Each structure stands twice: as C-alpha cells, then as structure tokens.
1. Determine, for each peptide in 124-131, 183-190, the mean count of other beta carbons within 10 angstrom over its residues, then list the peptides with the highest first.
2. In nm, give the distance between the simple-model label positions of residue 347 and residue 296, each being 7 Å from the Cα along the Cα-to-Cβ direction.
3. Sort 285, 226 so that the residue with the fewest other Cβ atoms within 10 Å of its own Cβ comes first and the one with the most comes last.
4. Work out how much length residue 76 to residue 380 would gain on full extension: take 0.36 nm times their residue separation and subtract the Cα-Cα distance, in nm to one decimal.
5. Please report the antiparallel percentage of DSSP beta bridges with both residues in the chain, rounded to the nearest 5.
6. Magnitude of the Cβ-charge dipole of region 11-398, K/R +1 and D/E -1, about the Cα centre, nearest 20 debye?
7. Arranged by the count of other C-beta atoms within 10 angstrom, fewest first, what order do 28, 283 take?
8. Just add up the charged neighbours of residue 15: K/R +1, D/E -1, any other residue whose Cβ is under 11 Å from the Cβ of residue 15.
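The numbers here are math on the coordinates, done by the rules we state, and not lab data. If you're wondering where the values come from, they're calculated on a predicted model, not measured in any experiment. In this analysis, Cβ positions are derived from the backbone assuming ideal geometry, glycine residues included, and neighbour counts consider all displayed protein chains.
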Amino acid sequence: MQEASHRPVSTSKTVIVLGADGYIGWPMAMHLSRLGHRVVAVDNLARRQWDEEGGTESLVPIATMEQRVDRWLACTGRTITYERLDLCDHDALDACVARWRPEAVVHFAEQRSAPFSMIDREHAVRTQVNNIVGNLNLLFALQAHVPECHLVKLGSMGEYGAPNIDIEEGYITIEHNGRSDRLPYPKVPHSFYHLSKVADSQNIHFACRIWGLRATDLNQGVVYGCETDDTVLHPELITRLDYDSIWGTALNRFCAQAATGNPVTVYGKGGQTRGYLDIRDTMACITLTLDNPPEAGECRVFNQFTEQFTLNQLADLVAGARRHHGQDTTIVHLPNPRVEAEEHYYNAKHTRLLDLGLQPHFLGETLVDSLIEVVARHAHRVDPVLLERPSVDWRTGGNEVWRQYADEGRRGALARATVELVGAATRRPPAHPGGNGLAGGRSVPEPAARPAEPAAE
Ligand SMILES: NC(=O)c1ccc[n+]([C@@H]2O[C@H](COP(=O)([O-])OP(=O)(O)OC[C@H]3O[C@@H](n4cnc5c(N)ncnc54)[C@H](O)[C@@H]3O)[C@@H](O)[C@H]2O)c1
C-alpha cells in the first residue's frame, strides 16, 4: 500500500522550497514535484561557497542546480523552476514571493552547522545574520503578498538543549504563584547556530500573533541517509553527503570512519542523546505538514524525529554492522571539542507527526550498511585529516586544522576568481574545475592539494 505522504496530491499547490540546493532541500523539491506540486527551487549556493572557503566538500559529487532541474525534467517530465537568490536580499525575495504567490513555503535556507558558527566571531555573526535576517525578510514578504500562505520552517531539536525534564512539542503549561499559562518551551541551545534558530522561532511566533500568518516550526532531529525514491533515479539527482567535522553528522562520520578502516571517534563519554530520523521520513513529515496546514494566526510546533540515540549507541550500531561483515571496528573516545552534557536525561515528545500518519523508517543495520557502501564507493575522495580530527572547539574556536584548510580554501577561491577575471577580460569562456564525470559547471571542484595526506583524487 502506498504511504499517505507518497500519494499524488489531489490539489496541486505552488510551493517555494528555500535552500533547494541543500542536502534536504534538493530531495524535498523533487518529492513535492513528483507529488504534482508546482515547485520553485530557491538557493543562493552559499553552501557550496562555504565548502570552498573551508576546504570541505560533499563525499559524493553533486551536480549543479541547472543540471539537476534539467535531469529531473528528462527523467520524469516534471518541471522544477530554479531561482538563484539570497534570502538576505529582501527586494529579490519579496519579488519572488510576489511573482509566484505560493500557497506554501518550505524554508531550509540557513547556515546549518553548529561547529561553523563556533569558529570565531565572524562565523557566529555570519550565521546569525544569514539565518535571522533571511527568515525575517521572508516573514515580511509573506505578510505583504500572501498572508494565507503556510510557512513550514526547519528548526532544530538542538534549540531545546538537554533539559532535565521532558521536552514538549513547542509549548509547555507552566504554573507559577497560583496562575498558569501555556508558553513557548524554554530553550537552552547548544551553539550560536542553534541560537539563530531560537530567534527564528520567536520571530515566527510573533508574526503569527500580530499578522495572523500561519506557520509550522519543525524542530528537526539529526537527519541520516542520502537516498530517496528520487535521488536514486540518476547520478545527477543525488544529494550531498558530508563526513567532515564541520558539516558531517556523527552517524555519517562513524560510517565513513568504519568504511575506511579507521577508528570510530566518539566525542567525550558518548552519553550525548539526540533525536534522529531517516531522510525519507523528513520527506514524509514535511508532506504531512503541508497536507495539514494550521489555522491562520497559529504557530504550530512539531518535534520532527523518530528515535533517540546516544553517541555510544550509534558507534555500537556501526561496529555491529561491520562485525556482521567480518570486520573489526575500534571505538575511541576523543576529548570533547563541544561544551555539552555527556551523560544526561533526555526525553523529547514526538507524537504529533505520528498522529498525522507518519510511518517511520527506523535506524538499523541495513541503513548503516547502505551508508557504509556509499562511502566505500567514494572512499578515494575521503580526506583522512577531515575524517579524523575535529577542527573547531567550543571554547577556543577554529583550531590549526581549520586554519590550514581555510587558508587553502581562500587561496583556491582567489585563484579561481583570478582565472575567471582574466578569462572574462580576454573574452574567453571562464575556466571551471571539473573532472567529476558530470557535465560542465563548477559545482564539484576537485579537491585542492592538501598539507597532510591528500585524498587520492
Ligand atoms: N541536516 C540535518 O540533520 C538537519 C537537522 C536539523 C535541522 N536542519 C535544518 O534543515 C535545513 C536544511 O538542512 P540541510 O542539511 O539540507 O542544510 P544544507 O546546508 O545542505 O542546505 C541549506 C541550503 O540553504 C542555502 N542557503 C543558506 N543561506 C541562504 C540564503 N541566505 N539564501 C538562499 N539560500 C541559502 C544553502 O546554499 C544550502 O543549499 C536547515 O535549516 C537546517 O538548519 C537540518
């Protein structure tokens, strides 16, 4: 039987997907297009630029947005319209919303790495300006042109931190001095990035109260997996997979470490507990959310994850999966570069999406095996330094690994800019690095030469 969230819709909506070049945004754009919605995919490609700056890159080569939408059309006959724009450019965003008059906007377009936001003052500021200003611009554009539109905003479970009481879905009823009120749940976030999400949540809540906008704030757990029904259709449709310590999640890193025969590195004692979900469930959660919009004036909050794990449980799961293939995996504990509780109570409610009909895919060895298999196929692209060593410490910022790679990233970007400038001046086509097997474009630059143990490519 077809899952509810996979059934073609009876009423097609115009949906703008903001951040559509990203890990989740691209599969989401395809998923909504497949369901029959008119999809406008917006991105300013900031994430590709941040990769270049920091010397990181997706483990699997990804196509340009132009290649992606062309390939999607060729594979399915469906159109996704791509618009390159920055949410911080209010005029451009405002014009886009006015032109398309969307019934729904799904907002992924933020700087999403906690370590990136902890590198130094400049990265903390860049993260908060990008995320908070972009979100605020969006709220004003919606109010001006489509106040009925349903805003689906991606927040994070990390906004809550790890309180010693149960985490509710967005709101908590507090009794105080004989009176009681239902208030936004108190949040003690993990990083400057998560703090930007808290500010977004407050701004959205406020906009719903004063302008009657309708929004769903999705406090999402850590997403894993890189394959959906649509990404597997063609190599140009796959989504990114990050394994370095700035962008890669713990499970991705553990799988990449195990796949390349390296020790799995757990930060601190490993009792850090978080919520997780499969990328296919992200597709389903957002579809269910869109199909069941809130009332005007309502700021609804769902906790979007399906299971909780400690880091130690994830490491054991990966080691167990390897053991079934006759491989031994060593688990080591590194000094924790983050400031966080390493053994703590954690019980976060997550029933509202299940009530809407979510049928979760639970994390098991099959998924771990498939992630390891993807890494193994691209093992020649793994940089051992980025795989093993954290490059940002919460107390002291970016360390020598960060500085080395960032210096190289800057030099590489400068060299490319110079080549393009010279090319433009002499009216020759700009020289773009390629060599990834995907036609044209500069989306998949070859890794620059690296100071220590360069990747094979
Ligand atoms: N990946 C996860 O595990 C996870 C977990 C919880 C929440 N989230 C949230 O989900 C969203 C998507 O995450 P992701 O992993 O796909 O991130 P990603 O970095 O892969 O994608 C984000 C996209 O947004 C774009 N973007 C950023 N700022 C922009 C701007 N000002 N204007 C236009 N485009 C901009 C980037 O270029 C990028 O393509 C983020 O908001 C993130 O905070 C992700």
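1. 124-131, 183-190
2. A separation of 4.1 nm, rounded to one decimal place.
3. Lowest count first: 226, 285.
4. 106.3 nm
5. Of all bridge pairs located within the chain, approximately 25 percent are antiparallel.
6. The calculated dipole for region 11-398 is roughly 280 debye.
7. Sorted ascending by nearby Cβ count, the order is 283, 28.
8. Net charge in that neighbourhood comes out at +1.
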